[in-house]
Amino acid sequence: MGVFCVPAGKEFPLHDHPGMTVLSKLLYGSVYVKAYDWINFDSTKGKTIGLAGRVIDEVMKAPHEPSILFPRSGGNIHSFRALTSCAILDVLSPPYSQDFGRPSTYYYDIPIPYLNGYSMLEEKPLPDDLVVHGAPYLGPSIVTMYDDYDFSDQFGYENHV
């Protein structure tokens with residue numbers, strides 16, 4: 001979980017959320033968002049490159065409905081530029097993890113002139129000017145009541161663990 005406070009005119013570069021579901025909420029301000037979903041990609045040669053379709057290309061102003069980015073849809077690869085100072089709440093599940101194959105990856109956006117709404121995305125190094133400061137969560141403890149509950153009867157499938 002994180003709140004990104006972005007000064008007016010600054011951009012958070014195009015990045016992904018591999019295998020994650022993200023709940024995102026613009027808390028205040030206005031932001032230009034561009035987001036893609038993969039059409040086809042290849043990551044076998046040490047870096048990821050592929051064709052992506054644009055699913056969001058708009059200015060969002062608070063108050064704005066929350067958005068949900070799914071692992072393969074909803075704009076899981078996105079960038080945003082603050083038009084005014086803004087804050088964005090992101091809840092990631094599961095979180096980024098190098099150890100579990102969920103690194104944060106950044107991309108070049110190469111529009112395809114003859115295919116409106118499509119771009120080639122190519123992995124790039126972490127931008128030198130990107131600075132993200134973390135802080136410990138100091139709020140009330142978060143408790144999951146259903147850790148030991150078997151939901152299989154509720155959804156019509158068996159638990160094969």
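The values are calculated or read from the model by the stated rules, or taken from the named source; none is laboratory data. Keep in mind it's a predicted model, so treat the numbers as computed, not measured. For neighbour counting, all protein chains shown are included, and Cβ atoms are generated from backbone atoms with ideal geometry for every residue, glycine included.
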Practice item. Might you check whether a residue that is loosely packed, with under 15 Cβ neighbours inside 10 Å and under 16 Å from the mean Cα position of the chain (by Cα) occurs anywhere in region 78-86? Key: no
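With P66, P140, P136, P113 as the choices, which residue is modelled with pLDDT of 90 or more, exposed (fewer than 10 other Cβ atoms within 10 Å of the Cβ) and over 17 Å from D37 (Cβ atoms)? Even if it seems obvious, please write down each step before you answer.
Working: P66 fails: exposed (fewer than 10 other Cβ atoms within 10 Å of the Cβ); P140 fails: modelled with pLDDT of 90 or more; P136 fails: modelled with pLDDT of 90 or more.
Going through P66, P140, P136, P113 in turn, the sole match is P113.
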Review point. What tally of residues in region 16-34 results from selecting those that are buried (at least 18 other Cβ atoms within 10 Å of the Cβ) and modelled with pLDDT of 95 or more?
Key: 5
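I need a count of the residues in region 90-111 that are without any contact (Cβ under 8 Å) to a residue 60 or more places away in the chain and either closer than 14 Å to D16 by Cα or out of contact with any Asp or Glu (no Cβ under 9 Å at 6 or more places or on another chain) (or both). Spell out how you get there, then give the answer.
Step one: list which residues in region 90-111 are without any contact (Cβ under 8 Å) to a residue 60 or more places away in the chain, which gives 97-100, 110-111.
Among the residues that remain, those that are also either closer than 14 Å to D16 by Cα or out of contact with any Asp or Glu (no Cβ under 9 Å at 6 or more places or on another chain) (or both) are: 97-100, 111.
Number of matching residues: 5.
The rows are residues; the columns are (1) surrounded by 13 or more Cβ atoms within 10 Å (Cβ to Cβ); (2) more than 25 Å from D129 (Cα to Cα); (3) touching a strand residue (DSSP E or B) at 6+ places or on another chain (Cβ under 6 Å).
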{"site": "W38", "(1), (2), (3)": "yes, yes, yes"}
{"site": "S43", "(1), (2), (3)": "no, yes, no"}
{"site": "V55", "(1), (2), (3)": "yes, yes, yes"}
{"site": "K61", "(1), (2), (3)": "yes, yes, yes"}
{"site": "P71", "(1), (2), (3)": "yes, yes, no"}
